[in-house]
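Quick notes on the structure that follows.
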Amino acid sequence: MSVFIISSLTVSAQRIHIEEGIYHWEGAVSAGLNNDGFQVDFSIACFPIEYLGLKMSLGTAAEIEEMGDWGAEDWEKSTDYTARFKFTPAAVLRTPRLLYWRQQEMGFHLFGEAGIILSPGAHGSKRARIASHDFRAGINVQTDFWIWTIGYGITNFSLYSGRPISHHPQPHNDNYLTHSVFVAVAYKF
């Protein structure tokens, strides 16, 4: 047990050590698909502790437009696609480097995030759920200042909560779990 503790203290999580100090911040953009449509998030995170950080994200979730509506002029285009704004504060837990590819100077890490999605309802919704839980997990790769991520998320956030105006048919029950897959890129600073 003591060997494990000592070895884990010497392994670096996702921090960059330089002569001036350590980079604790990172900015990221992520995009993904879920069972309601797509999602895009912009986030900033701070890691005051090597394996634990706080993250804030601003983003949107929306229905995917039909191919026939792509490239159409505004007056010809259907404007009944549902979209919701999201604000997500979260706690992030990362593992020490699990695998190091020395030739490429790449480190592989696992991560988990637990947060709350705060979102007003979409256009036309009535009594939409404003707060929802959000869990994400995945693997990321760090090289120098860049981090690439692939992950999976599950939440009770529903694009169709409150029965908004929408282009696609809505589910009979708007209280369901939303599953998503996403990719992200982050820059340490």
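The table that follows gives values for the structure above.
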quantity: Cα-projected label distance for Glu50 with Leu118, points at 7 Å along beta-carbon direction, nm; calculated: 3.3 nm
quantity: Long-range amide H partners of His168 with built H, under 5 Å; calculated: Thr82
quantity: Fully extended contour minus Cα-Cα distance, from Asn173 to Tyr100, at 0.36 nm per residue; calculated: 21.7 nm
quantity: Taking the range 47-189 and dividing mean pair separation by its residue count, relative contact order in percent (alpha carbons under 8 Å, at least six apart); calculated: 20 percent
quantity: Filtered trypsin sites (Lys or Arg not before Pro), the range 87-173: DSSP coil and at most 11 other beta carbons within 10 Å; calculated: Arg102, Lys126, Arg127
quantity: Check: the range 92-189 dipole with +1 on Lys, Arg Cβ and -1 on Asp, Glu Cβ, in debye; calculated: 200 debye
quantity: Largest to smallest accessible area among His172, His133 [probe 1.4 Å]; calculated: His172, His133
quantity: Length added when fully stretched, Val40-Phe135, from 0.36 nm per residue minus Cα-Cα; calculated: 32.6 nm
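The values are calculated or read from the model by the stated rules, or taken from the named source; none is laboratory data. Note that this is a predicted model, so its numbers are computed, not measured. Using ideal geometry, Cβ is built from the backbone for each residue, glycine included, and neighbour counts are taken over all protein chains shown. Ligands, DNA and RNA are stripped out before the accessible areas are found, and what is left, the full protein with its side chains, is counted by its heavy atoms. Shrake-Rupley method; radii C 1.70, N 1.55, O 1.52, S 1.80 Å.
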